[in-house]
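Visitor: My questions all concern the structure below.
The values are calculated or read from the model by the stated rules, or taken from the named source; none is laboratory data. Just so you know, these numbers come straight off a predicted model, no measurement behind them. Cβ: placed from backbone, ideal geometry, glycine included. Neighbour counts: every protein chain shown.
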Amino acid sequence: MPLKICQLCTVDFTLYHFLRPLMHAMREEGHEVVGVCADGDLVPMVRNEGFRVETVPLARTINPIRNIGATRAVRQLFQTEKFDLVHTHTPVGSLVGRMAAKMARVPRVAYTAHGFYFHEHMAAPQKAAHVTLEWLAGRATHTLFTQSEEDAETARRLGLCKTGDILAIGNGSDPGIFTPEDPGNTRVRIRNAVGTPAERVVILMTGRLVEEKGYRELVTAMRDVDAELWAVGARLESDHASGIADVIDSIERDPSLKNRVRFLGYRQDVPDLMRAADIFTLPSHREGMPRSIIEAMLTGLPVVATDIRGSREEVVNGETGLLVPLRNADELARGLQSLVADSALRKRMGMAGLTRARDLFDEQKVIARQLDHLGVRTG
């Protein structure tokens, strides 16, 4: 029986970049799928794919006054639309969405935790506050998906879903898009466009330009790494995390970095950039289960990442890449330089990562787990 399904997240960036494949899969099963998020430039692009997108005043803030207004607006939308299933994503959107769904008496509410906002390195009072909010919202949750098994275990231990229906679904990307095969000589074209010599080892990092992604440690580490760094990403207007403007400014004043560290901005050719690079790094302070690492592995790149939740489920230390301690520029530099200096090691780890990613992190497998568990298969 066809259902009316809501896919809700805080901002249009998440809807466009992360939720469209799931929305397409649900629509292909015969269901009506409606996207809900704050208005933004990417909303028309989702609508152009035939989806109805309703915009509501959601924001990436825990400000209670703003969230009361957002909850009221979302509740009204739910009462009007009468969804059979509301599926929420992102911390604030999921908190507001689940509370609104409970008030609107939505019959089924699913929540995907793409990485709980609280984490092992957070100050105890702050962590307790976020756990409490998750527990309260869990009283309105029928199904809780996590991406990492570590988060699933945490959710079970803390009772973050009232029904106990908790499943780690993993994360994934498209192995047809992220692939090491390069028939169009992309590597040469991209390097020529960036201005990077063919023989230079390139380290790639993709992620929002905020401090918690580890850019400060990475730039410090690069002083001791004989390679070039391409940093791809932008800071979202909705971002409340600390920026890195001072880090970028410091590069311009440092002769040892100025010609080796390149901030390339927001790019839509990330698969090509990965094929043109040699190593991928993600020295984040916190993650859920980062898709960027999966994309790099699917492209055959060895990965140097911090030993944190999510990343350590993807990277097998010493086999597909290296895990280094959090906020430790010296160890990050040592890990990166060990790969820069050894092309055979890069190739061996890259191929091991490719095999692992194709086996475990195919996006279609992750989507299938959700469709099956939610019981929305119609065929």
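Visitor: Within the stretch 348-357, can one find any residue that is in a helix (DSSP H, G or I) and closer than 27 Å to residue 28 by Cβ? It would help to see each step written out before you state the result.
Guide: Step one: list which residues in the stretch 348-357 are in a helix (DSSP H, G or I), which gives 348-357.
This time we only want the ones that are closer than 27 Å to residue 28 by Cβ, so: 357.
Yes: one or more hits.
Visitor: Got at least one residue in the stretch 78-96 being in contact with a Cys (Cβ under 7 Å, 6 or more places away or on another chain) and assigned to a loop (DSSP other than H, G, I, E, B)?
Guide: yes
Visitor: Can you tell me which of 65, 5 is of a type in the set (A, V, I, L, M, F, W, C), at pLDDT below 95 and either in contact with a strand residue (DSSP E or B) (Cβ under 9 Å, 6 or more places away or on another chain) or farther than 15 Å from residue 98 by Cα (or both)? Working first, answer last.
Guide: Values: 5 fails: at pLDDT below 95.
Answer to the check: 65.
Visitor: Scan the stretch 134-147 residue by residue and report those that are over 22 Å from residue 366 (Cβ atoms) and in contact with a helix residue (DSSP H, G or I) (Cβ under 6 Å, 6 or more places away or on another chain).
Guide: If the condition is that a residue be over 22 Å from residue 366 (Cβ atoms) and in contact with a helix residue (DSSP H, G or I) (Cβ under 6 Å, 6 or more places away or on another chain), then 137, 140 are the ones that fit.
Visitor: Sticking with this structure for a sec: May I ask you to list the residues in the stretch 42-68 that are under 14 Å from residue 10 (Cα atoms) and either touching a residue at least 60 places away in the same chain (Cβ under 8 Å) or not polar (S, T, N, Q) (or both)?
Guide: 42, 43, 53, 54, 56, 57, 58, 59, 60, 61, 62, 66, listed by residue number.
Here's the yes/no breakdown for (1) modelled with pLDDT of 90 or more; (2) farther than 22 Å from residue 275 by Cβ; (3) surrounded by fewer than 20 Cβ atoms within 10 Å (Cβ to Cβ):
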| residue | (1), (2), (3) |
| --- | --- |
| 206 | yes, no, no |
| 215 | yes, yes, no |
| 225 | yes, no, no |
| 231 | yes, no, no |
| 235 | no, yes, yes |
| 240 | no, yes, yes |
| 243 | no, yes, yes |
| 249 | no, yes, yes |
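Yes/no matrix, rows are residues, columns are (1) within 23 Å of residue 374 (Cβ to Cβ); (2) out of contact with any Phe, Trp or Tyr (no Cβ under 8 Å at 6 or more places or on another chain):
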| residue | (1), (2) |
| --- | --- |
| 19 | yes, yes |
| 22 | yes, yes |
| 35 | yes, no |
| 39 | no, yes |
| 44 | no, yes |
| 62 | no, yes |
| 89 | yes, no |
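Visitor: State which residue pairs qualify: first residue not assigned by TED's automatic domain parsing to the domain that holds residue 220 and inside the stretch 332-345, second residue in a helix (DSSP H, G or I) and at pLDDT below 95 in any location, beta carbons under 7 Å apart, and separation of 6 or more residues or different chains.
Guide: none
Visitor: Give me the pairs, please: first residue somewhere in the stretch 217-231 and farther than 10 Å from residue 203 by Cα, second residue anywhere and β-branched (Val, Ile, Thr) and in a loop (DSSP other than H, G, I, E, B), beta-carbon distance under 7 Å, and either six or more positions apart or on two chains.
Guide: none
Visitor: Could you check residue 364 against (1) surrounded by fewer than 24 Cβ atoms within 10 Å (Cβ to Cβ); (2) in a loop (DSSP other than H, G, I, E, B) and say which number it fails?
Guide: Failed condition: (2).
Residue by residue, here is whether (1) among the small types (Gly, Ala, Ser); (2) in contact with a strand residue (DSSP E or B) (Cβ under 6 Å, 6 or more places away or on another chain) holds:
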site	(1), (2)
54	no, yes
70	yes, no
94	yes, yes
105	no, no
116	no, no
120	no, no
123	yes, no
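Visitor: Further question: If residue 297 passes every condition in (1) in contact with a strand residue (DSSP E or B) (Cβ under 6 Å, 6 or more places away or on another chain); (2) closer than 27 Å to residue 184 by Cβ; (3) outside any loop (DSSP other than H, G, I, E, B) but one, which one does it miss?
Guide: It fails just one condition, (1).
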